[in-house]
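The values are calculated or read from the model by the stated rules, or taken from the named source; none is laboratory data. From a predicted model like this one, the values you see are computed outputs, not experimental measurements. Cβ sites come from the backbone with ideal geometry, for glycine too, and all protein chains shown count toward neighbours.
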Amino acid sequence: MPQDSLVTFAQTLIRQRSLSGDEGAVVELIISEMRRLGFDQVWKDVNGSAIGVIKGAQLGPTLLLDGHCDTVDVAPGVSWMHDPLGGEIEGGVIYGRGAADMKGALAAMVHAVASIDRSQLKGCAAVSASVMEESLEGASLRTVMDALEPDFVVIGEATNLNLNRGGRGRAEIHLETIGRPAHSSSPDLGRNAVHDMIRVVEVVERQPVKKDPLLGQTVFALTDIISDPYPACSMVPSRCRVTYDRRLVAGETSDEILGAIAASPELRGIELHAKIPSSDYHTYTGATLGGVKFLPAWVLPESDSFVQACLHGLRTAGLDPKIGAYRFCTNAAYSAGVAGVPTVGFGPGREEDAHIVDERLELKSLTAARQGYRGIIDAVLSAK
Ligand SMILES: [Zn+2]
């Protein structure tokens, strides 16, 4: 039996390295597959994301399926059993960087949209292969959504073929203490910014955890710390900065999080600056993607008609999805969290298979995802 063309396409994508900011070659592969499969419109936007659209016979809403086409790198010095760029298949599993996060899902989306029966559909089905998600979630999807103005969005990050109706958000938090420099032979003449920071860290670590029945709980994880000057020779450091990665639940704002730390009475007398940084990233096309590193959490009620339509579509496709939420942050932080467009997550593979050594995806999960996307499209854009 010849190999399923979806599996071949997933292998082709895995074999093309596509780190964030260097997705040009993989985008060309996706564009040529969309053209080969007869999409009505195919183009590349200013950031270099690929977009393909198929139009139903009748006017109606636009449903966007989004998958990012960048991957994280392979950690140096760690050996894989399977070539990370090999797309090898063994025992019904495809291996390689991006298999689960998320070239498999992207391939399934392209093939699902290409398979629709235009005569049965009201509206448009679109796929975006968005860039730079691993650097800054949501930034390139914003440009895609500005062009397509979708009514509904499906994010293809791994859900193990379940349906996610929410996801935790993420914020990067910079805390900086300012002391006074002195010679370390007479530290009393200065103010040691690291000592001040130790007190700040104690306050942050004691911040109450918020719990959400769907999203789980908030997390504060210290990810780096540096004093200034560094290295310091015979100097009492006058500045110290820590970075925290904060995982958010629905409804949290940056003012509230920063305010809770700064208002602590234990930090009186310490010069503390707290902020959420912003940063700029350059896409392979030379465009600049930037933004504040605060990506809100999102939740859609289970009773929402889009959630129910997706559930119906997945069941019609023969799947038995459970309803859940992402623990990690995805492009939905923009589509749902910022733009407020009804969004769900559905994808092959497991969340815990992202970014690992010997990243893998079961072929039966890949082909079931194609059926699932097709089921969602038929349910949401049905002309009946
Ligand atoms: Zn991903």
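Within the stretch 84-111, restricting attention to residues that are away from the ligand (no atom under 16 Å from the Cβ) and under 14 Å from residue 12 (Cβ atoms), which residue is nearest to the chain's Cα centre (by Cα)?
The selected residue is 110.
Among the residues of the stretch 346-355, is there at least one that is in contact with a Lys or Arg (Cβ under 7 Å, 6 or more places away or on another chain), among the small types (Gly, Ala, Ser), within 25 Å of residue 9 (Cα to Cα) and assigned to a loop (DSSP other than H, G, I, E, B)?
no
So for the stretch 88-106 (the condition being farther than 20 Å from residue 348 by Cβ and in contact (Cβ under 8 Å) with a residue 12 or more places away in the chain), does at least one residue qualify? Full working, then the answer.
As a first pass, look at the stretch 88-106 and keep what is farther than 20 Å from residue 348 by Cβ: none.
No, the stretch 88-106 contains no residue that is farther than 20 Å from residue 348 by Cβ and in contact (Cβ under 8 Å) with a residue 12 or more places away in the chain.
Would the stretch 262-272 turn up any residue that is small (Gly, Ala, Ser), touching a residue at least 60 places away in the same chain (Cβ under 8 Å) and farther than 27 Å from residue 181 by Cβ?
No, the stretch 262-272 has no match at all.
How about the stretch 13-54: which of its residues are crowded, with 18+ Cβ neighbours inside 10 Å, assigned to a strand (DSSP E or B) and in contact (Cβ under 8 Å) with a residue 40 or more places away in the chain?
The answer is 50, 51, 52, 53, 54.
Listed residues 157, 252; which is at pLDDT 95 or above, surrounded by 14 or more Cβ atoms within 10 Å (Cβ to Cβ) and in a loop (DSSP other than H, G, I, E, B)?
It is 157.
Six or more apart or on different chains, Cβ atoms under 6 Å: show the pairs whose first residue is in the stretch 133-160 and over 15 Å from residue 100 (Cα atoms) and whose second is crowded, with 24+ Cβ neighbours inside 10 Å and of a type in the set (Asp, Glu).
Short answer, once both residue conditions are applied: 141/66.
Just a yes or no: is a residue in the stretch 348-362 away from the ligand (no atom under 16 Å from the Cβ), surrounded by 18 or more Cβ atoms within 10 Å (Cβ to Cβ) and over 23 Å from residue 48 (Cα atoms)? Don't jump to the end; show me each part of the working.
Of the stretch 348-362, the ones away from the ligand (no atom under 16 Å from the Cβ) are 357-358, 362.
Imposing the further condition that a residue be surrounded by 18 or more Cβ atoms within 10 Å (Cβ to Cβ) reduces the set to 362.
With the extra rule that they be over 23 Å from residue 48 (Cα atoms), the set shrinks to 362.
Checked the stretch 348-362: at least one residue is away from the ligand (no atom under 16 Å from the Cβ), surrounded by 18 or more Cβ atoms within 10 Å (Cβ to Cβ) and over 23 Å from residue 48 (Cα atoms).
Of the residues in the stretch 188-244, how many are among the β-branched types (Val, Ile, Thr) and in contact with a Phe, Trp or Tyr (Cβ under 8 Å, 6 or more places away or on another chain)?
So the count comes out to 2.
Quick check on this structure: which one of 288, 283, 343 is within 16 Å of the ligand (Cβ to nearest atom), polar (S, T, N, Q) and closer than 19 Å to residue 143 by Cα? Can you show your working first?
On the way: 288 fails: within 16 Å of the ligand (Cβ to nearest atom); 283 fails: within 16 Å of the ligand (Cβ to nearest atom).
Every option except 343 fails the conditions.
Within the stretch 123-161, work out how many residues are more than 14 Å from the chain's Cα centre (by Cα) and charged (D, E, K, R).
So the answer is 3.
For residues in the stretch 112-142 being under 10 Å from residue 373 (Cβ atoms) and crowded, with 24+ Cβ neighbours inside 10 Å, which is farthest from the ligand (Cβ to nearest atom)?
125
Scan the stretch 280-287 and tell me whether some residue there is buried (at least 20 other Cβ atoms within 10 Å of the Cβ), touching a residue at least 60 places away in the same chain (Cβ under 8 Å), more than 30 Å from residue 24 (Cβ to Cβ) and not aromatic (Phe, Trp, Tyr).
Checked the stretch 280-287: no residue is buried (at least 20 other Cβ atoms within 10 Å of the Cβ), touching a residue at least 60 places away in the same chain (Cβ under 8 Å), more than 30 Å from residue 24 (Cβ to Cβ) and not aromatic (Phe, Trp, Tyr).
Just to verify a result, which residue in the stretch 65-83, among those that are of a type in the set (D, E, K, R) and more than 22 Å from residue 372 (Cβ to Cβ), is nearest to the ligand (Cβ to nearest atom)?
Filtering the stretch 65-83 for residues of a type in the set (D, E, K, R) gives 66, 70, 73, 83.
With more than 22 Å from residue 372 (Cβ to Cβ) added as a condition, the list becomes 70, 73, 83.
Numbers: 70: 9, 73: 14, 83: 21 Å.
Here the answer is 70.
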